[in-house]
Amino acid sequence: MELNLAFKIANKCLQILKPYCERIEIAGSIRREQPFPNDIELVYILKGKELFNFVEAVDQWKKVKGEPSGTQRSLPERIKRTNSRINSQTSLLNV
(Lines give C-alpha, C1' and ligand atoms only; values in the text may rest on other atoms or scores of the structure.)
Protein backbone atom coordinates (compact mmCIF):
# COMPACT_ATOMS: atom_id res chain seq x y z
CA MET A 1 0.00 0.00 0.00
CA GLU A 2 1.11 3.57 -0.49
CA LEU A 3 2.56 5.51 2.44
CA ASN A 4 -0.23 8.10 2.70
CA LEU A 5 -2.93 5.38 2.83
CA ALA A 6 -0.94 3.40 5.40
CA PHE A 7 -0.52 6.55 7.51
CA LYS A 8 -4.27 7.29 7.41
CA ILE A 9 -5.15 3.75 8.51
CA ALA A 10 -2.44 3.71 11.20
CA ASN A 11 -3.67 7.04 12.56
CA LYS A 12 -7.26 5.72 12.64
CA CYS A 13 -6.12 2.66 14.62
CA LEU A 14 -4.03 4.87 16.90
CA GLN A 15 -7.06 7.06 17.68
CA ILE A 16 -9.17 3.99 18.54
CA LEU A 17 -6.54 2.60 20.92
CA LYS A 18 -5.22 5.88 22.37
CA PRO A 19 -7.72 6.13 25.27
CA TYR A 20 -6.29 2.90 26.72
CA CYS A 21 -2.62 3.85 26.43
CA GLU A 22 -0.25 6.04 28.38
CA ARG A 23 1.64 6.39 25.12
CA ILE A 24 1.10 5.10 21.59
CA GLU A 25 3.11 5.86 18.46
CA ILE A 26 3.20 4.83 14.81
CA ALA A 27 6.37 2.80 14.22
CA GLY A 28 8.14 0.72 11.59
CA SER A 29 8.16 1.45 7.89
CA ILE A 30 5.50 4.18 8.19
CA ARG A 31 7.56 6.09 10.76
CA ARG A 32 10.59 5.66 8.48
CA GLU A 33 8.44 6.98 5.59
CA GLN A 34 9.03 4.00 3.31
CA PRO A 35 7.05 4.59 0.08
CA PHE A 36 5.20 1.23 0.22
CA PRO A 37 4.92 -0.19 3.75
CA ASN A 38 3.83 -3.85 4.02
CA ASP A 39 2.16 -3.50 7.41
CA ILE A 40 1.22 -1.03 10.12
CA GLU A 41 3.07 -1.07 13.41
CA LEU A 42 2.01 0.70 16.58
CA VAL A 43 4.12 0.73 19.74
CA TYR A 44 2.25 1.36 22.96
CA ILE A 45 2.36 1.45 26.74
CA LEU A 46 -0.99 0.53 28.29
CA LYS A 47 -2.55 2.56 31.09
CA GLY A 48 -2.66 0.70 34.40
CA LYS A 49 -6.04 -1.03 34.25
CA GLU A 50 -6.94 -0.68 30.58
CA LEU A 51 -5.87 -4.11 29.30
CA PHE A 52 -9.45 -5.41 29.10
CA ASN A 53 -10.69 -2.32 27.25
CA PHE A 54 -7.68 -2.38 24.93
CA VAL A 55 -8.33 -6.04 24.08
CA GLU A 56 -12.00 -5.27 23.43
CA ALA A 57 -10.97 -2.51 21.02
CA VAL A 58 -8.56 -4.82 19.17
CA ASP A 59 -11.17 -7.59 19.12
CA GLN A 60 -13.45 -5.44 16.98
CA TRP A 61 -11.16 -6.35 14.09
CA LYS A 62 -11.80 -9.79 12.63
CA LYS A 63 -9.25 -12.39 13.72
CA VAL A 64 -7.40 -13.95 10.80
CA LYS A 65 -5.14 -16.31 12.77
CA GLY A 66 -3.12 -16.72 15.96
CA GLU A 67 -3.51 -17.32 19.70
CA PRO A 68 -3.04 -16.02 22.42
CA SER A 69 -0.02 -13.66 22.48
CA GLY A 70 0.02 -12.88 18.78
CA THR A 71 -2.94 -12.61 16.45
CA GLN A 72 -3.51 -11.40 12.93
CA ARG A 73 -6.52 -9.14 12.46
CA SER A 74 -8.37 -7.85 9.44
CA LEU A 75 -9.12 -4.15 9.61
CA PRO A 76 -12.20 -2.56 8.05
CA GLU A 77 -9.95 -1.34 5.25
CA ARG A 78 -9.36 -5.03 4.38
CA ILE A 79 -5.74 -5.06 5.38
CA LYS A 80 -5.20 -8.47 6.90
CA ARG A 81 -1.87 -8.29 8.65
CA THR A 82 -2.07 -7.56 12.35
CA ASN A 83 0.18 -8.99 15.00
CA SER A 84 -1.01 -8.00 18.44
CA ARG A 85 1.12 -8.87 21.42
CA ILE A 86 -0.78 -7.66 24.46
CA ASN A 87 0.69 -9.73 27.25
CA SER A 88 2.88 -6.95 28.64
CA GLN A 89 2.57 -3.28 29.50
CA THR A 90 4.83 -2.20 26.62
CA SER A 91 3.95 -3.83 23.36
CA LEU A 92 4.06 -3.72 19.61
CA LEU A 93 0.93 -3.86 17.51
CA ASN A 94 1.38 -4.66 13.84
CA VAL A 95 -1.79 -3.76 12.06
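The values are calculated or read from the model by the stated rules, or taken from the named source; none is laboratory data. Here the structure is a predicted model, which is why all the values come from computation and not from measurement. So basically every Cβ, Gly included, is an ideal-geometry build from the backbone, and we count neighbours across all protein chains shown.
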### Task
Considering every residue within the stretch 69-83, establish whether at least one is modelled with pLDDT of 80 or more, among the hydrophobic types (A, V, I, L, M, F, W, C) and under 16 Å from Asn11 (Cα atoms).
no
## Note on the structure
For the stretch 1-22 the number of residues that are hydrophobic (A, V, I, L, M, F, W, C) and closer than 18 Å to Val55 by Cβ is 5
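Is it true that some residue in the stretch 44-59 is modelled with pLDDT of 75 or more, among the aliphatic types (A, V, I, L, M) and part of a strand (DSSP E or B)?
Keep residues of the stretch 44-59 that are modelled with pLDDT of 75 or more, which gives 44-59.
Then drop every residue that is not among the aliphatic types (A, V, I, L, M), which leaves 45-46, 51, 55, 57-58.
Add one more test, that the residue is part of a strand (DSSP E or B), and what stays is 45-46.
Yes: one or more hits.
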### Query
In the stretch 39-54, what residues are surrounded by 13 or more Cβ atoms within 10 Å (Cβ to Cβ) and of a type outside the set (Ser, Thr, Tyr)?
Asp39, Ile40, Glu41, Leu42, Val43, Ile45, Leu46, Lys47, Glu50, Leu51, Asn53, Phe54
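Determine which member of the set Leu14, Leu5 is exposed (fewer than 15 other Cβ atoms within 10 Å of the Cβ), modelled with pLDDT of 90 or more, in a helix (DSSP H, G or I) and out of contact with any helix residue (DSSP H, G or I) (no Cβ under 9 Å at 6 or more places or on another chain).
Values: Leu14 fails: exposed (fewer than 15 other Cβ atoms within 10 Å of the Cβ).
Of Leu14, Leu5, the one residue that is exposed (fewer than 15 other Cβ atoms within 10 Å of the Cβ), modelled with pLDDT of 90 or more, in a helix (DSSP H, G or I) and out of contact with any helix residue (DSSP H, G or I) (no Cβ under 9 Å at 6 or more places or on another chain) is Leu5.
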